[in-house]
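To start, the structure itself, in structure tokens.
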Amino acid sequence: MNIIIPIIIVAAIGLIAGVGLSIASIVMAVPVDEKVTEIRGCLPGANCGACGYSGCDGYAAALASGEAANGLCSPGGAKCAADVAAVLGEEVGEFKRRAAVVHCDGTCDKTEKLYDYRGIQTCAGVSLMFGGDGKCSYGCIGLGDCVKACQYGAISICNGVAVINTKRCAACSECVAACPKGLIRIVYGDKVADVSCSNKDKGAAAKKACKNACIGCMRCVKACESGAVTVSNNLATVDSEKCTGCGKCFEVCPSKCIRMIDLKALQEA
Amino acid sequence: MAAIITIFIAAILTDNFVLSKFLGICPFLGVSKKLNTAVGMSAAVIFVMLLATAVTYPIQVHILDVYDLGYLQTIVFILVIAALVQLVEIVLKKYIPSLYKSLGIYLPLITTNCAVLGVTLLNFTKTVDGRGLTYIEALVNSLGAGLGFMLAMVIFAGVRSRVEQSDAPEALKGLPITLIAASIVSVGFLGFAGLGA
């Protein structure tokens, strides 16, 4: 009989706590905005943080309260933006496709190694030694810190350089943070030009380090009609915001370090 | 009165929950990266410790001791504290949303924190002048334990911000150097050991 009293006491305490909590949760229920739940249903739930909020829940709450702009969700893409717009009862705004791009094309045949690195096999490790083991101290190290960071399996190392599969890329920016050389940036638009080099040395020195290097010759700047290309520190950069994707800079580049990225064709295929 | 002051000081310094008793190490290492989150977490811990003691002490004295069920202490206390924290969360969400937002993430985290459970259990093993703690003394002990937790968190948040910027050897970067720093801070608190005697 000794066992009965403890069982009754624990059960009673549990019951009181349980019933009390259920009553409290009904009596003191805070009305949750139904919109938030609905919008949350439209979002992919990857919690990648590409939108700049703490996760899909945070973005849904910000959307419902009108703080956030629609179309910031990269993994969800245009479909997600349209769904959210339907819930919010708004017009579908312009959705900008995004993808991460590696700003280096220093493949093994175009550049050389400076020394034989045998330490910890991470980009972060190599970059501590003279900025990397490549002749070009700005370039891709190729040990794949970004590959490990990518949740979508979109990055691979091809011929010593990280290459991002635009089709799979959700533009979550994990790789951007992982690259110790800061080579990865997010480009956006339907079709954009992008400079695949980050070397800030003068033309001759850059060319010596890598045959694919940007020499800062300004020809792309002159060719661009929308003022999207600028050269600073001997390096051309394309502003995705202004780029129309006409491809004129791509045609005139003597080093062939500008590439055209057709985000629309790649991501819809 | 003297007993209360002794209990209070002892709970903060000599018997510091984190650095002398090694309870609540998880939040101590997990939430001490930034000073403001460390303070937020500590505030939640102080609050819950006080509340938990306020409820568990009468349960022990008026229910468990009466039926001689001391062995149910742990499970009953966990049950009560967990339910209590949930209730507090619901109440805060309804009536003080601003406090809920600032404590919100930390409250569920410390529901079954060992420091919170520890303080409620240790209230009954601690003695002062050869007798157990009274209700008021137990509350003071909990308040002291919570403040001691806050002290440890704040000190360690400061230490940690220095450690993060220091040039630690590659193999020790991250958690290892943090644990080493924590042990050194803990050794520092051994200096208070003679205070109670």
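Below, the figures for the structure above:
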item: Search result, residues across region B:71-95 that are more than 7 Å from chain A (Cβ to nearest Cβ) and under 12 Å from A:V30 (Cα atoms); result: B:E89, B:L92, B:Y95
item: Total residues in region A:216-255, condition in contact with a Gly (Cβ under 7 Å, 6 or more places away or on another chain), touching a residue at least 40 places away in the same chain (Cβ under 8 Å) and of a type outside the set (G, A, S); result: 2
item: Unmet requirement for B:E137, which otherwise passes all of (1) modelled with pLDDT under 90; (2) of a type in the set (D, E); (3) under 21 Å from B:I7 (Cα atoms); result: (1)
item: Members of region A:214-230 that are at negative phi and more than 24 Å from the chain's Cα centre (by Cα); result: A:I215, A:C217, A:R219, A:C220, A:V221, A:K222, A:A223, A:C224, A:E225, A:S226
item: Candidate set from region A:101-136 (those that are closer than 10 Å to A:C210 by Cα and among the polar types (S, T, N, Q)); member that is farthest from the chain's Cα centre (by Cα); result: A:T111
item: Answer residue from region B:57-70, given it is crowded, with 19+ Cβ neighbours inside 10 Å and touching a residue at least 24 places away in the same chain (Cβ under 8 Å) and is farthest from the other protein chains (Cβ to nearest Cβ) among those; result: B:Y57
item: Residue in region B:117-124 that is touching an Asp or Glu at 6+ places or on another chain (Cβ under 9 Å) and buried (at least 21 other Cβ atoms within 10 Å of the Cβ) present; result: yes
item: Region A:183-207, residues that are more than 30 Å from A:G49 (Cα to Cα) and either among the hydroxyl-bearing types (S, T, Y) or touching a residue at least 12 places away in the same chain (Cβ under 8 Å) (or both); result: A:K200, A:D201, A:K202, A:G203, A:A206, A:K207
item: Subset of region A:72-107 [under 18 Å from A:N47 (Cβ atoms), out of contact with any Pro (no Cβ under 6 Å at 6 or more places or on another chain) and not aliphatic (A, V, I, L, M)]; result: A:C73, A:S74, A:G77, A:C80, A:D83, A:R98
item: Residue in region A:56-63 that is surrounded by fewer than 14 Cβ atoms within 10 Å (Cβ to Cβ) and out of contact with any His (no Cβ under 9 Å at 6 or more places or on another chain) present; result: no
item: Members of region A:224-236 found to be buried (at least 17 other Cβ atoms within 10 Å of the Cβ) and not in a loop (DSSP other than H, G, I, E, B), listed by number; result: A:V229, A:V231, A:L235, A:A236
item: Qualifying residue in region A:99-114 (condition: within 14 Å of another protein chain (Cβ to nearest Cβ) and over 29 Å from A:A265 (Cβ atoms)); result: no
item: Residues within region A:183-212 that are part of a helix (DSSP H, G or I) and within 28 Å of A:T244 (Cβ to Cβ), tallied; result: 2
item: Which listed residue, of A:L63, A:L21, is modelled with pLDDT under 85 and among the hydrophobic types (A, V, I, L, M, F, W, C); result: A:L63
item: Segments classed as helices (runs of 4 or more DSSP H), wholly inside region B:96-197, with at least 1 members that are within 14 Å of chain A (Cβ to nearest Cβ) and touching a residue at least 12 places away in the same chain (Cβ under 8 Å); result: B:106-109
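The values are calculated or read from the model by the stated rules, or taken from the named source; none is laboratory data. These numbers were taken from a predicted model, which means no experiment stands behind them. Positions of Cβ are backbone-derived with ideal geometry, glycine not excepted, and every protein chain shown enters the neighbour counts.
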